[in-house]
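Working notes, beginning with the structure itself.
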Amino acid sequence: MDHRRVVITGIGGICALGGNATDIWTAMKQGRDGCRPLTIEKRDLKTNIGFNIIDYPEDDGIEKRQGMTMSAISRLAVIAAREAFAQSGLSMETTDPKRTGSIVGVGTFGTDALDESYIDIFLEKKKRTQLFTVPKVMPSGPASHVSISLGLKGPVYGVSSACASGNHAFASAVDQIRLGRADVMLAGGAELALVYGPLKAWESLRVLARSACRPFSADRDGLVLGDGAAIVVLEDYEHAKARGANILAEIAGVGLSADASDIVNPTVEGPATAIRNCLSDAGLPASRISYINAHGTATQANDKTETQAIRDVLGADANMVSVSSTKSMHGHCLGASSAIELIACINAVREGVVPPTINYTAPDPACDLDVTPNEARERKIDMAISNAFAFGGTNAVVGVKRI
């Protein structure tokens, strides 16, 4: 199928590994662990670790009036979007704002604002919540605030599909460009997971690790949550070429699927179908994949199932592919995870570096892929794919390639 080519001209991010995309990628290459003790009020939390953000910009450029209506998740999205937009070299004075939009995925919403409202009402017995609680908790808030901050008047909306939200945002943004509804889209994900209420809920699921995130390692015991956001500038190739943009990489393809099975337990078929659909969309064989940024949550079930799905699609070629889970370094940022992981994929194809899976101590026969344990590796990467397989059985895979 012939498509309008979609390229990447800017990336931005903020998470436990750094306050911008460059620092995040540098930390990934170095195998730096962003896990640290929680800084929030723990009360009766059993969980005591997380991937906290410590490198906030001194000036996020957000006007005071707008800031009053924002939750922290929207603030993270705007910080990442401003960085991506600046790198792209775009200007609303020379680019049609009505053909420029934003789609931001979130796993939940403005949980900080919701927690505050519960404290106000149930603990402090106030008669009302804060004035802007409703716009703060809207799942579409991050996308809307990116639009407001940068003056984007094209397609703007939020998407939510748990841990696949970032990749679904990319897929949706690619569609807007391919369908001719936009020339430029800012897309990605944002999440604020390290909030008391959500952490209590995750504790109840009994999937949180005790001391570290160890994807694919035999001794893995669960995921570690984190806060973060990442946004990329997606642009029609001809539009980018005409303005002389510095093109970082090209979207090779996207693939979506659903398990239609269980709300929390993954299947092999669903993820495998999403990978196949991504390759079909790219018009490329499985042998072209050099690197896979795995969903790699470090739960027993996910890592085993993902290994089976990769082998199901790639067959013998799976032995030739470099795989890693950068969640071992930046944590599971839920709706933002796959967006942060696209930073790894973009830079991997540009620099020929595979970031590692850190905290790997012992091989698991059920996870018998080359998971790039503990140290980055140099290799030529023609195409990289980013896997996102979420609660609800929603799967989204995005592929990028060198240009």
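Could you report the accessible area of residue 118 in Å², rounded to 10, computed with a 1.4 Å probe on the protein chains as they sit in the structure?
Here the residue's solvent-accessible area equals roughly 110 Å².
Past 27 Å, Cα to Cα: identify those pairs from 136/241; 126/200; 29/136; 29/401, in the order given.
Correct reply: 136/241; 29/136.
Quote the accessible area belonging to residue 59 in square angstrom, nearest 10, computed with a 1.4 Å probe and with ligands, DNA and RNA left uncounted.
The value for residue 59 is about 120 Å².
Using a 1.4 Å probe and counting only protein heavy atoms, arrange 324, 204 so the residue with the most accessible area comes first.
Final ranking, largest accessible area leading: 204, 324.
To the nearest 10 square angstrom, how much accessible area does residue 70 have with a 1.4 angstrom probe?
10
For a bin width of 10 Å, list the pair-distance distribution of the chain built from all Cα-Cα distances, rounded to whole %.
P(r) for the chain, in whole percents per bin: 5, 25, 36, 24, 9, 1, 0.
For the range 286-392, state what percent of all Cα-Cα pairs lands in each successive 5 Å bin, counting from 0 Å until the bin that includes the largest distance.
2, 13, 26, 27, 21, 10, 1, 0
Which order do 124, 58 take by accessible area at a 1.4 Å probe, largest first?
In descending accessible area the options line up as 58, 124.
Please report the antiparallel percentage of the DSSP beta bridges confined to the chain, to the nearest 5.
For the chain, the DSSP antiparallel bridge percentage is about 60.
For the range 111-186, what relative contact order do you get, as a whole percent, if you take Cα pairs closer than 8 Å and at least 6 residues apart?
19 percent.
At a Förster distance of 22 Å, what's the computed FRET efficiency of residue 22 paired with residue 58, Cβ-Cβ distance as r, to 0.05?
My answer for the efficiency is 0.85.
Can you send over the carbon and sulfur percentage of the accessible area for the chain, probe radius 1.4 Å, protein chains only?
Roughly 51 percent, rounded to a whole number.
Given a 1.4 Å probe and heavy atoms of the protein chains only, how would you sort 202, 25, largest accessible area at the top?
Heavy-atom accessible area, descending, gives 202, 25.
State, as an integer percentage, the relative contact order of the chain based on alpha-carbon contacts under 8 Å between residues 6 or more apart.
For the chain, the relative contact order is 23 percent.
Could you name the aspartates and glutamates whose alpha carbon sits less than 15 Å from that of residue 327, not counting residues in the same chain fewer than 8 places away?
Of all the aspartates and glutamates, those that pass the test against residue 327 - Cα under 15 Å, at least 8 places apart if same chain - are 33, 191, 221, 227, 303, 306, 341, 375.
Given points 7 Å out from each Cα along the Cα-Cβ axis, report the residue 362 to residue 374 separation in nanometres with one decimal.
Inter-label distance under the simple model: 1.5 nm.
At what distance in angstrom do the alpha carbon centres of the range 46-116 and the range 199-220 lie from each other?
27
Cα to Cα, under 18 Å, and not fewer than 8 places away if on the same chain: which aspartates and glutamates meet these conditions relative to residue 380?
250, 317, 351, 370
The values are calculated or read from the model by the stated rules, or taken from the named source; none is laboratory data. Every value quoted in this text rests on a predicted model; they were computed, and no experiment measured them. Note that we place each Cβ from the backbone using ideal geometry, even for glycine, and neighbour counts take in every protein chain shown. Areas reflect the complete protein model, heavy atoms only, side chains present, ligands, DNA and RNA absent. Shrake-Rupley method; radii C 1.70, N 1.55, O 1.52, S 1.80 Å.
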